[in-house]
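These notes concern the structure reproduced below.
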Amino acid sequence: MRFELTPRASVAPAMRALAPVLAFITAFLIAGLVIWLLGRSPVAAFQVYVIQPLSDPWSIQELLVKATPLALIAIGLSYCFRANLWNIGAEGQYVIGAVLGGWLALRTHGTEAGAWVLPAMLVLGILGGALYGLIPAFLKTRFGVNEILTSLMLVYVAQLILDYLVRGPWRDPKGFNFPQSVTFDPAATLPTLGEASRVHYGTVFAVLAVLVTALVLGRTLFGYRLRLTGDAPRAARFAGFSAKNTTLAVFAISGGLAGLAGISEVSGQIGQLQPSISPGYGFTAITVAFLGRLNPLGILVAALVVALTFIGGESAQILLKLPLDLTQAFQGILLLCVLSADALVSYRIRIVSRGGRK
Amino acid sequence: MTTFEAILLTIVTASTPLLIAALGELVTERSGVLNLGVEGMMAMGAACSFAAAVTFDSTILGVGAGMLAGMAMAVIFALAVLGFAANQVGSGLALTILGLGLSGLIGAPFVGARRNPVEPLSVPVLSDIPIVGRLFFEQDLFVYVSFLLTVGVALYLGRSRAGLTLRSIGENHVSAHGLGLPVLRVRLLAILFGGACAGLAGAYLSLVYTRFWSPGMTAGRGWIALALVVFAAWRPGWVLVGAYIFGAATVLQLHAQAAQFGVPSQLLSAVPYLATILALLLLSLRHGRAIGAPGSLGAPFVPDR
């Protein structure tokens with residue numbers, strides 16, 4: 001038995017919406033199988049991973065907190081992926097955004113600096129991420145170096161920079177030698193939305209980024225240029241759109257949004273710099289971007305869905321003693337399913353019995 | 001043995017996994033498939049080989065398990081990119097995420113276990129040559145295999161009919177298909193070979209290089225292997241050269257950390273990654289664009305019936 005792909009005459013609009021859903025269900029079934037192979041009950045796992053977080057108000061806040069960086073980064077990545085450019089170093093841009101923004105928080109620590117600190121931190125965060133994202137873009141446009149490998153290598157470098165700073169010059173002198181900075185002043189802390197809430201203003205930034213992106217992609221020349229560069233690079237060239245400028249622009253945008261996610265997380269959630277400030281948001285955001293089919297609203301939904309796997313993973317670790325690595329494995333399976341399900345949109349899939357070709 | 005000799009010896013051990021993994025990826029890419037999942041396949045190779053070696057107390061079984069794990073991952077990748085014509089860059093990335101996660105699940109019960117060193121095999125006569133003899137002819141089996149693999153891949157690609165078929169499929173899959181060449185079958189085999197090599201490289205890491213397993217122990221070596229293929233302009237001989245340059249950089253960096261020159265250790269740890277970027281940059285400076293890349297690299301192929 002084998003299957004064959006036959007191109008459809010036109011893309012199936014129903015499949016376009018259905019494909020990610022099908023992919024998600026398939027990924028869940030595979031994950032259930034893995035859990036069953038580990039000797040646990042898939043039903044109990046489903047209960048802990050999905051039902052429980054959704055039925056508990058505290059978990060729903062947590063869901064928004066985790067979905068925020070995912071949505072911000074994934075929205076940025078969608079610019080790159082639409083133009084068929086592969087920025088896979090968002091994790092590094094996130095870290096550098098947090099480092100540059102965090103620098104200001106540490107510099108103004110204990111001083112009477114006013115309300116300008118927080119906005120300046122956010123700007124520095126965006127700037128840091130954008131500049132760091134521009135490194136692979138510049139190497140690509142100027143020298144033709146493959147952006148996939150350079151952007152990824154820079155992730156390791158960024159993590160080492162952060163590690164050096166919090167263990168060395170930026171370590172809290174009164175922190176009992178723990179590798180972490182001082183806790184940010186209130187002036188350098190991103191406020192939460194309402195009292196006793198854990199959801200911070202980063203969530204607002206994420207929603208804004210989604211709305212602006214929807215406008216840019218649907219209503220502006222830049223959005224058109226992006227789509228054309230990705231779908232028909234030759235046509236884009238004949239139309240006079242500079243591929244180099246597009247590359248630089250999308251890397252700056254996605255780096256900037258990743259940097260904003262980084263500084264928002266550090267100043268709104270963690271409250272200090274420490275060696276690890278992300279459970280892999282930058283990589284998971286790639287899954288989010290594709291699960292949302294690179295569509296801004298789709299990404300918003302996908303971010304919430306994938307954030308669920310983070311929270312579910314944490315409670316499954318505590319309640320079922322299922323290791324956290326399971327969450328990562330699931331995210332890998334999910335991305336593979338999402339990409340494979342794309343075939344449903346542009347191809348008809350037929351199961352052919354052996355020897356039954358034609 | 002002098003310190004100098006000891007350093008040279010560790011360079012060989014640091015370079016071997018890079019060489020093996022890069023050779024596998026080279027064959028895959030020559031067939032026109034870009035598999036960015038090397039890191040994930042390698043991580044699975046390291047975890048499964050270590051688990052099997054400890055459970056059955058056998059290095060050979062461990063190596064077999066590592067290669068099988070790499071190939072199992074490769075099958076998943078092939079199903080997505082060949083079966084469903086899925087995007088290769090994304091699928092490879094997904095494979096890496098999956099491999100790092102799964103390897104964590106498999107390896108977790110074996111944290112803290114240790115394996116005995118693998119006995120080196122000395123080649124008679126040749127191992128008596130000063131320096132070079134000890135360095136290259138009194139090594140473990142993996143090192144010899146890596147050299148044989150380099151020669152084998154070079155001969156296969158350059159001198160055999162099957163190699164020519166594989167290269168033509170990688171250069172232009174539409175023409176190759178028109179000539180009646182089995183594009184998808186050859187690509188499947190090439191992906192499987194890449195998986196087996198990545199698994200073997202992973203097995204080397206956990207069974208010989210460290211002799212224990214820890215989460216994330218591949219530490220980006222799979223990505224460096226990918227960069228080596230580009231650096232080598234898709235030629236096996238240059239992969240060998242590149243792997244040894246990178247191995248040397250890694251080892252010297254470790255010795256510099258031990259010597260404590262007053263340079264932060266994190267800066268030295270960043271050397272392999274920065275060196276990769278630098279190598280890719282220098283290559284592009286010399287040749288303009290990435291030369292030697294197979295024409296159909298990364299493009300999905302759906303045969304018309």
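Please treat every number below as a calculation from the coordinates, not as lab data. All values derive from a computational prediction rather than experimental measurement. We place every Cβ from the backbone using ideal geometry, glycine too, and count neighbours over all the protein chains shown.
Annotations for the structure displayed:
- Cα principal axis extents for the stretch A:1-51, largest first, Å: 45, 30, 9
- From its DSSP helices (H runs of at least four residues, each -39,500 (n - 2.57)), chain B gives a residue-normalised ellipticity at 222 nm of -22500 deg cm²/dmol.
- Extent along principal axes [Cα atoms of the stretch A:183-298; Å; largest to smallest]: 54, 29, 27
- q = 0.09, 0.15 Å⁻¹, chain B: log10 I(q)/I(0) [Debye, one scatterer per Cα]: -0.44, -1.19
- Choice from B:GLY70, B:GLY262, B:GLY199 with maximal GNM fluctuation in chain B (Cα, 10 Å cutoff): B:GLY262
- A P(r) calculated from all alpha carbon pairs of the stretch A:283-344, with 5 Å bins opening at zero, reads 4, 20, 26, 22, 15, 9, 4, 1 percent.
- Neighbourhood net charge (13 Å Cβ-Cβ; Lys/Arg +1, Asp/Glu -1) for A:THR68: 0
- Estimated inter-spin distance, A:ALA44 and B:ASP128, nm [label 7 Å along Cα→Cβ]: 6.6 nm
- Theoretical FRET efficiency, 1/(1+(r/R0)^6), r = Cβ-Cβ of B:HIS255 and A:GLN274, R0 45 Å, to 0.05: 0.95
- Across the stretch B:125-196, Cα-Cα pairs farther apart than 18 Å form 54% of the total.
- For the peptide B:99-106, the mean number of other protein chain Cβ atoms found within 10 angstrom of a residue's Cβ is 6.
- Share of pairwise Cα-Cα distances greater than 27 Å in the stretch A:41-321 is 41 percent (whole percent).
- Cα-based Rg / Dmax (Å) for the protein assembly as shown: 24.9, 79
- Net charge over other residues, Cβ less than 11 angstrom from the Cβ of B:LEU281 (K, R count +1; D, E count -1): +3
- Order of B:LEU226, A:LEU257, B:LEU240, B:LEU274 - criterion: other Cβ atoms within 10 Å of each residue's Cβ, fewest first: B:LEU274, B:LEU240, B:LEU226, A:LEU257
- Only helices enter this figure: runs of n ≥ 4 DSSP H residues, each worth -39500 (n - 2.57), summed and divided by the residues of chain A, yield -22500 deg cm²/dmol at 222 nm to the nearest 500.
- Calculated translational diffusion coefficient of the stretch A:35-153 (10 °C, 1.306 mPa s; Stokes-Einstein with Kirkwood radius over alpha-carbon pairs) equals 91 µm²/s.
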